Amino acid sequence: MTSKQRFGEIDLLRAIAIVLMVIFHFVYDLREFAGVKINYQDPFWFLLGKTSALLFMFLSGLASGFSRSPIRRGVKVLLLGMGITGVTYLALGDMYVRFGILHFLGVTMILAPFLYSLASSILWALAGASVLLGLWFKKVLVETSLLIPFGLLYKGFGSIDYYPLLPYSSATFLGILAYRHFYAQESKPVFALQLNSKPIIWLSRNSLMIYLVHQPIILFVIFGFKFIR
């Protein structure tokens, strides 16, 4: 968002998304690296993690409408995602991140100028088709890894972070539609929120940085605690 004007409701939703994400990853790390008996696949934790991801996807589509350079931002985020691919490959082997949330956001940001050129009716249709195709692809196995970004998997696939374009791009399409219907006009948005909370604004502005550093910090604390016990 390059405009000097900030929208409190967007900052609030982005802050909620980053907090939910950190909480979910903390629970995941407690189970996987500290042996704490907590099931992060229980419905509560599962929905918490998915809500965070869907909020980021929705807000990415919405915020691209404010950005003067979504392609450049998308390339940056995609490169960061590829960096995470490399690090997790060295650390985790076969469970490394092949197409995680940053890969997803990077690709959809790059596509944003094209997507914003589409009529709203087409975006609604694409949102629905994305969900239906994504659900169908879950039942299909292919012989190649080249289709992983689209939700088509091969036998034995595994990854600690996986958000394919289908069905999740539907959240991005809805974000674009939200911008078009509530923010594109010069008049005050329907859901405008005046927010002067410095912590929430800080979380929103630094969400990408928090995403990149929170896992190393959590793991450092966990292994540090295990070491001193």
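Laid out as a table, the results:
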{"item": "Single residue of Y163, Y89 found to be closer than 29 Å to H214 by Cβ, in contact (Cβ under 8 Å) with a residue 40 or more places away in the chain and of a type in the set (F, W, Y)", "result": "Y163"}
{"item": "Qualifying residue in region 157-169 (condition: at pLDDT 95 or above, in a helix (DSSP H, G or I) and within 15 Å of L59 (Cα to Cα))", "result": "yes"}
{"item": "Test result for G65, closer than 26 Å to F223 by Cα and not basic (K, R)", "result": "no"}
{"item": "Enumeration of residues in region 194-214 that are open to solvent by 50 Å² or more (accessible area, probe 1.4 Å) and part of a helix (DSSP H, G or I)", "result": "K198, P199, W202, R205, L208, M209, L212, V213"}
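The values are calculated or read from the model by the stated rules, or taken from the named source; none is laboratory data. Quick caveat: nothing in here was measured; it's all calculated off a predicted structure. For neighbour counting, all protein chains shown are included, and Cβ atoms are generated from backbone atoms with ideal geometry for every residue, glycine included. All accessible areas refer to the heavy atoms of the entire protein, side chains included, with ligands and DNA or RNA removed. Shrake-Rupley method; radii C 1.70, N 1.55, O 1.52, S 1.80 Å.
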